[in-house]
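The values are calculated or read from the model by the stated rules, or taken from the named source; none is laboratory data. Everything quoted here is computed from the prediction, not taken from an experiment. When we count neighbours, we look across all protein chains shown, and the Cβ atoms used for this are built from the backbone with ideal geometry, even at glycine. Note: areas computed on protein heavy atoms with side chains; ligands, DNA, RNA excluded. Shrake-Rupley method; radii C 1.70, N 1.55, O 1.52, S 1.80 Å.
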Amino acid sequence: FARTTLIKVVSTRRALAKISNIFYDYPSQKIKIAGVTGTKGKTTITYFLQSVFRKAGVKSGRLSTINYDLGGEIIPALTTTPESVDLQKFLRKMIDNQVKYVFMEVSSHSLVLHRVEGVEFGWAIFTNLSPEHLDFHKKMEDYLRAKLVLFEMMLPQNKALINVDDDNSEKIIRKTSCQVITYGIRKQADFRASNLRMEKRKVFFHVKINGEKEEFEIKIPGVHNVYNALAAIGVATEEGISSETIRKGLQDIEKIPGRLELIENKANLNIYVDYAHTPSSLEKAISTLKNLTSGKVIVVFGCGGDRDPYKRPAMGRIAFKMADFAVVTSDNPRSESPEAIILDIERGMLEEGAKKGKDYISFVDRKEAIEYALSNLRCGDTLLVAGKGHESIQIFKDKVVPFDDRVVICQLLRKTDLL
């Protein structure tokens, strides 16, 4: 038998990341990568950036929760940020595909689990921080510490773009040694949005760039999406792209899968599907739609199993307080009982004085919940189906079944000849 060399390492994950980087010949040194981290907005920012750079004639790739675009080759995303060996392989593939820029989501899991170790980021973008993944991180301090890793990795010649309106921005700025550029709405920032104006499903706003006040338009509603657009504007401007090109690139985005995605229908009913699965994201989604609605806002939502349970009563309270009617149902129950998860959600509603039947109703079956909500939707009302967004499956203890909120809604509308 041939002699075998055994190398012991402190961390197999760190070793795998380093070996993968060497094996694929340090791809991040040959391509410019913008990493986006934070609780919300990561996916939308990567889509905005790719659209703007495409409009500028620059070929780019994208690694996001929805899918991976390797420069024209689209593959499904198994995780928000790929494992280190896959990440390095994808970066090498993008270089082979003549990609110049990569826009990627950098999850807190990927930072803690060393998936991005050895990657040289040209940009690190911080969106915001609110409670999420506390089943993994346990405490908000640990969650923030995970996000800080990206900014501590940054080399002095590279750049960080920070949302200064977030309460954690100063902590992040203090932790990075590279140039810091800021964006925001409430506080002074290098890229600051003003004069926000919402018209139907569009948002208009101004940003001062090189001393000139520029107007931009996005076709995805919500103040939170203005923040996402600002991040794209900041990076693109710093990379030398003109305001006119940025404007056109942002306008090209009609929708992002599962992010306040409007379901078109013959009756012009206001039906949106959104990935909102945390208290803060559900609150933002409902608030945005209330500003666009003349009638009632009805929300269908649930909570995932095997995930931080504190969210359940909190989301119940938000749905009761903000929506006119709520339909509580299953999300991805995983190994937990769907009925038990629903009871946790209802507890938050009942603590606020909600009455079942009057303020909300519950269905374990998600399709039944959506069907009930659609049947009670009237002209001028808005329906928000929240929690799963772009997802195309539903995960139970003993099975995984096909389930896409958008497909189910279209099927139900088709039955009544409304599609």
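Numbers at a glance
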read-out	value
Search result, residues across the range 46-69 that are free of Cβ contacts under 8 Å to residues at least 24 places away in the same chain and either in contact with a Ser or Thr (Cβ under 7 Å, 6 or more places away or on another chain) or polar (S, T, N, Q) (or both)	67
Residue that is surrounded by the fewest Cβ atoms within 10 Å (Cβ to Cβ), among those in the range 244-271 that are more than 30 Å from residue 380 (Cβ to Cβ) and without any contact (Cβ under 8 Å) to a residue 60 or more places away in the chain	244
Any pair with Cβ under 9 angstrom, 6 or more apart, that starts in the range 308-325 at a residue that is in contact (Cβ under 8 Å) with a residue 60 or more places away in the chain and ends at one that is of a type in the set (D, E, K, R) and surrounded by 21 or more Cβ atoms within 10 Å (Cβ to Cβ)	308/132; 311/132
Hey, residue 18 outside any loop (DSSP other than H, G, I, E, B), among the basic types (Lys, Arg) and either open to solvent by 10 Å² or more (accessible area, probe 1.4 Å) or without any contact (Cβ under 8 Å) to a residue 24 or more places away in the chain (or both) or not	yes
Pick from the range 357-385, criterion small (Gly, Ala, Ser) and in a loop (DSSP other than H, G, I, E, B), ranking: surrounded by the most Cβ atoms within 10 Å (Cβ to Cβ)	380
Matching residues, the range 63-91, being out of contact with any strand residue (DSSP E or B) (no Cβ under 8 Å at 6 or more places or on another chain) and surrounded by fewer than 20 Cβ atoms within 10 Å (Cβ to Cβ)	72, 73, 78, 79, 83, 85, 86, 89
Residue ID - nearest to residue 110 (Cα to Cα), chosen from residues in the range 34-57 that are crowded, with 24+ Cβ neighbours inside 10 Å and among the hydrophobic types (A, V, I, L, M, F, W, C)	36
Residue satisfying all of: in the range 394-419; open to solvent by 70 Å² or more (accessible area, probe 1.4 Å) and β-branched (Val, Ile, Thr); modelled with the lowest pLDDT among these	416
Any chance residue 60 is at pLDDT 95 or above, of a type in the set (Gly, Ala, Ser) and crowded, with 24+ Cβ neighbours inside 10 Å	no
The listed residue being in contact with a helix residue (DSSP H, G or I) (Cβ under 9 Å, 6 or more places away or on another chain), under 26 Å from residue 392 (Cα atoms) and β-branched (Val, Ile, Thr), out of 52, 112, 99, 106	106
Pairs with Cβ under 9 Å, 6+ apart, first in the range 79-104 and free of Cβ contacts under 8 Å to residues at least 12 places away in the same chain, second of a type outside the set (A, V, I, L, M) and part of a helix (DSSP H, G or I)	86/20
Test: residue in the range 286-303 that is closer than 26 Å to residue 375 by Cα, basic (Lys, Arg) and open to solvent by 10 Å² or more (accessible area, probe 1.4 Å)	yes
